[in-house]
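What follows draws every value from the coordinates through simple rules; no lab data is involved. What you see is a predicted model; the values in this text were computed from it and never measured. Quick reminder, even Gly has a Cβ in these numbers, built from the backbone with ideal geometry, and neighbours come from all protein chains shown.
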Amino acid sequence: MQITAPAPIIYLPENLWSIFTRPGRELLIRVIGIEGKTLSLELGGEKFQARIGGTLTPEDFKIGEVIRVRIAQVGHPIVLEIISSEEKTSDLRFLYLMTQKIPVQEKTQQYAKFSPPVDKEISLIIDFLKNLTQSYKSEKKEIKKEYLKDLFGKNIKTLNILYENNKIIIPFLFSDERSWGYLELSTPEEKDGKIKLFYIRLFMEYLGLIEIIFSYLKNEVYIDLFFSNKIALEIAKKYIPELKEKLNVYKISAKLSIEYKEAFPGYLFKKEG
């Protein structure tokens with residue numbers, strides 16, 4: 001009797017982590033093997049595996065073909081969405097990368113390779129929140145493009161003002177042309193015991209998806225930040241004292257919280273408010 005040992009699992013190589021921690025990025029990956037619901041893939045000469053998910057089956061793939069994917073979710077697992085020219089938008093076409101769970105501290109060390117751009121993105125967010133808080137404290141209430149450009153600062157390349165029912169939606173593009181977001185301003189409403197003023201969704205090249213809820217209660221400002229990337233969350237925590245210090249300079253009393261919030265496939269299309 002001959003017993004065949006199971007094939008070894010080929011996890012995502014460490015040097016590809018920087019590529020697969022940017023939600024929304026599109027990649028071309030070659031299929032080099034199919035075994036049941038496991039695909040063997042290749043990118044830049046590096047080999048790794050993924051599990052077939054959603055409505056996909058092994059018959060949907062051919063060895064040697066190149067598939068286009070979009071990074072739909074980072075973390076464990078990393079989720080890739082198959083991009084198809086077919087008009088079957090309701091199909092769930094996902095791959096789940098085989099990744100080893102690495103301790104957060106070790107992952108943070110890996111992320112340190114990208115320290116300069118990460119620091120730049122964090123500083124950009126800090127300045128944006130400082131300007132937004134100053135705006136709330138001022139008596140200027142009129143929404144004009146010129147005023148918004150001052151509010152967003154020189155790091156914004158372009159922005160627009162859209163009106164939807166009782167909301168003002170302000171989409172904007174950062175000057176690097178790779179990061180973007182939008183600010184949602186609606187009639188102040190109570191949420192979780194506080195009055196919600198702004199909702200902000202940011203998509204940063206390195207930090208990934210970030211959500212910010214800006215609220216107030218009496219004379220105190222509340223800023224709640226949610227990161228979908230656990231590595232980015234750990235890095236951002238170190239910058240909270242800097243943000244508090246900048247707000248204190250302007251005599252602004254603010255309570256800040258920072259948490260992890262999972263971003264499932266299709267989450268970007270979820271409407272808020």
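A few points about this structure:
- Summarising the label geometry, the points placed 7 Å from Cα in the beta-carbon direction at N15 and V66 lie 2.0 nm from one another.
- GluC sites (Glu not before Pro) within the range 34-71: DSSP coil, no more than 15 neighbouring Cβ in 10 Å: E65
- Each other residue within a Cβ distance under 11 Å of D119 adds +1 if Lys or Arg and -1 if Asp or Glu, for a net charge of 0.
- Linear extension gain, K218 paired with R30, 0.36 nm per residue minus alpha-carbon span: 62.0 nm
- Set of the range 204-233 residues, backbone N closer than 14 Å to the point 7 Å along the Cα-Cβ line of E262: 228-230
- The label point for I161 and the one for E177, both projected 7 Å from the Cα toward the Cβ, are 2.7 nm apart.
- Packing-based ranking, highest mean first, of 195-207, 216-228 given that Cβ atoms within 10 Å are counted: 195-207, 216-228
- Span from the the range 175-229 Cα centroid across to the the range 27-43 one, whole angstrom: 38
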